[in-house]
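Notes follow the structure.
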Amino acid sequence: MTEAVIEKGAAFAGAILVGVTALFQLKNDWAAQGLDALVTKILLGLMAFGCVLALLAALNVLGARA
Amino acid sequence: MATAVGTLDGHEAVAARYHDVDPVYAETRDLRLTGFILFLLSDCVLFSSFIFAYVYLRTSAPAWPPFVGGHQLPWFDTSFAAFNSIVLFGSGVTMHFALENWKHLNKRKFNLWLIATIILGLGFLLGQAHEYSVVGISWAGSTMGASFFTLTGMHGFHVFVGVCYLTILGIQANRGVYTGSKYFGLTAGTLYWHFVDVVWVALFFLFYLW
């Protein structure tokens, strides 16, 4: 097993764990009011998007070079 | 107030405590929040300037990665970057948990999640240092290297400042600077940390996935 496979495996598992947790927190905070809550929701959503990118990278869908 | 709040459920109790402050504090809290968000937006402009410069350089180059001395420069290591990104994104989640536990008056869990955030932030910085040592390009000599080290270096500096910031916040919180009603510093620290995470989403895509 190469180093890259281990890194991608860890990234894959981590992306699912962190992404799902971020989305779950986003759902929990959805009803929260105020400017800080609004900014937090936007940033949490973008972070979950980052997890999707990392997941796609781990699966070689994105960033796979010939 | 404590008895009244104790009869409410979690979120309502947090909201009740949030509003249970004197009017002067409430007003300055809103002003400070607006000021802090303006600071984050100005930081966003700073990163955007360098990002647009990178996009311009890349799209106007005849080949990417560019050729230097007759040899094409290597692509960056996507698998390690994906792993390191998850370390940073994970720290965003732990910081969110830290703030939520502070709001729910659970100081012990706040400390644990805050320490986890700091460790993950340091882990990300170590990962970046490792990447710099093996990346195979330098700052000088190519637009790719200059863009990469400028943007990731600037981001790394933000992460370093964030780690120091969170450490100071942790010390302040344990010295009684913040309460269940007055914790603007912790809110600002959390927003800053989320912002640093989101900037990395853009950099991760631009340098490793595009």
Highest-MSF residue in chain A out of A:LEU23, A:LEU44, A:LEU35 [GNM, Cα springs under 10 Å]:
A:LEU35
Taking a straight Cα-to-Cα line shorter than 14 Å from B:LYS103, and setting aside same-chain aspartates and glutamates fewer than 8 residues away, one finds A:ASP29, A:ASP36, B:ASP9, B:GLU12, B:ASP20
For segment A:24-33, in order, what is each residue's ³J(HN,Hα) by Karplus, 6.51 cos²θ - 1.76 cosθ + 1.60 with θ = phi - 60°, in whole Hz (x at glycine and Pro)?
5, 5, 4, 5, 4, 8, 4, 7, 5, 9
Could you tell me the relative contact order of chain B? Use alpha-carbon pairs under 8 Å, at least six residues apart, and round to a whole percent.
28
Taking only DSSP H segments of four or more residues, each worth -39500 (n - 2.57), what value at 222 nm results for chain A once the sum is divided by all its residues, to the nearest 500 deg cm²/dmol?
-27000 deg cm²/dmol
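When the helices in chain B are scored as -39500 (n - 2.57) per DSSP H run of 4 or longer and the sum is shared across all residues, what 222 nm value do you end up with, to the nearest 500 deg cm²/dmol? Walk me through the intermediate numbers first.
Details: 7 runs with 160 residues, N = 210.
Per the formula, -26500 deg cm²/dmol.
Counting only other chains, and only Cβ atoms inside 10 Å, what mean value do you get across the residues of B:112-121? Mind dumping the intermediate values first?
On the way: counts 0, 0, 0, 0, 0, 0, 0, 0, 0, 0.
Rounded to a whole number, the mean comes out at 0.
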Hey, how many Å between the Cα centroid of segment B:27-69 and the Cα centroid of segment B:161-187?
27
In terms of the charge dipole of chain A, which places +1 on Lys and Arg and -1 on Asp and Glu at the beta carbon, the residue among A:ALA58, A:LEU38, A:THR21 farthest towards the positive end is A:ALA58
Given backbone amide H placed at 1.01 Å from N, residues whose amide H is under 5 Å from that of B:VAL68, ignoring those fewer than 5 places away on the same chain, are B:LEU73
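Work out the FRET efficiency for A:ALA31 and A:LEU59 from their Cβ-Cβ distance, taking R0 = 30 Å, and round it to the nearest 0.05.
Working: r = 34 Å, r/R0 = 1.13.
According to the calculation, E is roughly 0.35.
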Which lysines, if any, have their Cα less than 27 Å from the Cα of B:LYS107, not counting same-chain residues under 8 positions apart?
A:LYS27, A:LYS41, B:LYS182
About the Cα centre of segment B:2-209, how large is the charge dipole given +1 on each Lys and Arg Cβ and -1 on each Asp and Glu Cβ? Please answer in debye to the nearest 20.
320
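Can you give the translational diffusion coefficient of the protein assembly as shown in µm²/s, computed by Stokes-Einstein from the Kirkwood radius over Cα pairs at 10 °C and 1.306 mPa s? Could you put the intermediate results ahead of the total?
Numbers: Rh = 20.0 Å.
The calculation lands on 80 µm²/s.
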Which of A:LEU56, A:LEU26, A:LEU38 ends up with the largest GNM mean-square fluctuation for chain A, with Cα atoms connected below 10 Å?
A:LEU38
Going 7 Å from the Cα of B:PHE157 along its beta-carbon direction, which residues of segment B:177-198 have the amide nitrogen within less than 19 Å of the resulting point?
B:192-193, B:195-198
With labels modelled as points extended 7 Å from the Cα through the Cβ direction, what inter-label distance (nm, one decimal) is found for B:ILE115 paired with B:LEU206?
3.7
Test item: B:33-39 mean partner chain Cβ contacts at 10 Å:
2
Let me know the mean shielding of B:70-79 by other chains, meaning the per-residue number of their Cβ atoms within 10 Å of its Cβ.
4
Highest-MSF residue in chain B out of B:LEU38, B:LEU114, B:LEU88 [GNM, Cα springs under 10 Å]
B:LEU38
Note, ³J(HN,Hα) from phi for segment A:47-62, Karplus 6.51, -1.76, 1.60, rounded to Hz, x at Gly and Pro:
5, 5, 4, x, 5, 5, 4, 5, 4, 5, 5, 5, 8, 6, 6, 10
Segment B:2-209: proportion of alpha-carbon pairs further apart than 23 angstrom, %
53
If you put +1 on each Lys and Arg Cβ and -1 on each Asp and Glu Cβ, how big is the dipole of the protein assembly as shown around its Cα centre, in Debye rounded to 20?
180
Give me a comma-separated list of calculated 3J(HN,Hα) values for segment A:37-45, in order, Karplus coefficients 6.51, -1.76, 1.60 applied at θ = phi - 60°, integers in Hz, x for any Gly or Pro.
5, 5, 5, 4, 5, 4, 5, 5, x
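Every number here is computed from the coordinates shown, using simple stated rules; none is lab data. This one's a predicted model, so the numbers in the text were calculated from it and none came from an experiment. No Cβ is skipped: glycine too gets one built from the backbone with ideal geometry, and neighbour counts run over all protein chains shown.
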